[in-house]
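Undergrad: Shown below is the structure under consideration.
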Amino acid sequence: MIIEPRMRGFICLTSHPDGCAENVKNQIEYVKSKGAINGPKKVLVIGASTGFGLASRITAAYGSNAATIGVYFEKPPQQGKTASPGWYNTAAFEHEAHQSDLYAKSINGDAFSDEVKKTTLDLIKADLGQVDLVIYSLASPVRKNPKTEVLHRSTLKPIGGSFTNKTVDFHTGIVSDISIDSANEEEIENTVAVMGGEDWEMWIDALKAENLLAEGALTVAYSYIGPSLTEAVYRKGTIGRAKDHLEATAFTISDKLKDINGKAYVSVNKALVTQASSAIPVIPLYISLLYKVMKEEGIHEGTIEQIQRLYADRLYTGNEIAVDEKGRIRIDDWEMREDVQAKVAKLWEESTTETLPNLGDLAGYKSDFLSLFGFEVDHVDYKAEANEMVAIEGLV
Ligand code: NAD
Ligand code: NA
């Protein structure tokens, strides 16, 4: 069928299989062009189908010839109805990997559940024996705790007072003020339950209990900090509390991995357009200004450039892994550069509906957003019939 973008609010209801496949191939080519990384050999990626997790899987496979198992939660296609983009991304990745003689299998389901953990553990046992890297890259608005059966919902709110600032509706380009009420204790706790480190620790406990982590295994989860402009709604808000918890969990996990010389890290990544980040108020305006400045400076990166650099320049250099004063890996170093942030802050002041198209990279934002769903990707013929019923070769 002919597939076009159909927008509803912050999401796109359709996705294009050929555009998603092209994005994956471009990411593979990028990693290959940067050369071999003396990296992991057997990798589990939790949250492997889009964003930073997909880039982590591609970098492991094509930077280090790693066997990869991906866990994700995506909607399969139905006749006449497209799958969610992570489905098509995974289908394309696994097809390419198999062509390249790389092991690649995946599990589609709720990573927070005991069932999906068990299926994954069984697959590792049967096929890989052990893994030497576990990437934890989930972004979800809800989590059912498998022990208590409580369904937690996250919120994106400030803490300790309401917050008003500028935001942009990136579909219309309209810049307006947004006020967000302060979160209560329950909302904070729920957000920490969804996006904090509890589930990460459950995964590592389960893997360790069955001796599925290799000697010296690493596990890495992703965090964000960002500038003072966004801190009320991000780092000092409910999601920031969850990230504090995630970062603290790295130390708890590292303690538990001492006997196998393993270690847990949090990597602080750059702000990027993903399905997760486009739903956060204020962030899209910040990202459109940040893109403009970083592109002008020639230091703009997407998820694949970020993760390739994370593996090559941080995790697998052969030297000790460099961390900040809180033990975190910083790959947001270029975003957080003083000159970059000073320029963004100035542009922020000047941004209005009228000025933003010139001051910010709204066009880049929009096209990155559509590209997440496989639209507006170069070399894809959108007028041609596309096959929506794409299967994932390695789906367990
Ligand atoms: P994303 O939405 O692109 O990816 C989320 C992944 O999680 C997908 O593979 C999805 O299928 C999977 N997932 C969601 N719920 C699941 C569930 N219940 N079971 C199994 N899989 C599930 O998001 P992203 O932006 O790549 O975020 C990944 C991590 O990176 C998050 O921790 C996020 O906070 C962090 N991060 C994001 C940014 C940014 O700007 N986007 C910056 C720094 C850090
Ligand atoms: Na991800």
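Undergrad: On the basis of being in a strand (DSSP E or B), in contact with a Ser or Thr (Cβ under 9 Å, 6 or more places away or on another chain) and of a type in the set (A, V, I, L, M, F, W, C), does Ile178 make the cut?
TA: Yes; evaluated as a whole, the condition is true for this residue.
Undergrad: Moving on. Filter region 368-391 down to the residues that are among the hydroxyl-bearing types (Ser, Thr, Tyr) and away from ligand 1 (no atom under 16 Å from the Cβ) and list them by number.
TA: Hit for region 368-391 is Tyr382, nothing else.
Undergrad: Would you be able to say whether some residue in region 83-92 is more than 15 Å from ligand 2 (Cβ to nearest atom) and either touching a strand residue (DSSP E or B) at 6+ places or on another chain (Cβ under 6 Å) or not in a helix (DSSP H, G or I) (or both)?
TA: Yes; the residues of region 83-92 include at least one that is more than 15 Å from ligand 2 (Cβ to nearest atom) and either touching a strand residue (DSSP E or B) at 6+ places or on another chain (Cβ under 6 Å) or not in a helix (DSSP H, G or I) (or both).
Undergrad: So which residues in region 135-186 are within 12 Å of ligand 1 (Cβ to nearest atom) and aromatic (Phe, Trp, Tyr), if there are any at all?
TA: Across region 135-186, the qualifying residue is only Tyr136.
Undergrad: Quick one: is Glu349 free of Cβ contacts under 8 Å to residues at least 60 places away in the same chain, more than 16 Å from ligand 2 (Cβ to nearest atom), among the charged types (D, E, K, R) and over 30 Å from Gly35 (Cα atoms)?
TA: Yes: the conditions hold for Glu349.
Undergrad: Restricting the first residue to region 128-142 and requiring it to be within 13 Å of Val192 (Cα to Cα), which pairs with a second residue that is in a loop (DSSP other than H, G, I, E, B) and more than 8 Å from ligand 1 (Cβ to nearest atom) meet a Cβ separation below 8 Å and a spacing of at least six or different chains?
TA: From residues that are within 13 Å of Val192 (Cα to Cα), the pairs are Ser140/Ser154; Pro141/Ser154; Val142/Ser154.
Undergrad: Are any residues in region 58-75 more than 20 Å from Val390 (Cα to Cα) and within 13 Å of ligand 2 (Cβ to nearest atom), and if so, which ones?
TA: Passing the criteria: only Thr59.
Undergrad: Then there is this: Being in a loop (DSSP other than H, G, I, E, B) and either β-branched (Val, Ile, Thr) or within 16 Å of ligand 2 (Cβ to nearest atom) (or both) is true for just one of Asp110, Asp101. Which residue is that?
TA: None of the others qualify; the one that does is Asp110.
Values quoted throughout were computed directly from the atomic coordinates according to the rules given, and no laboratory measurement underlies them. None of these values were measured; they are calculated from a predicted model. Because the Cβ atoms are built from the backbone with ideal geometry, glycine has one as well, and the counts that use them run over all protein chains shown.
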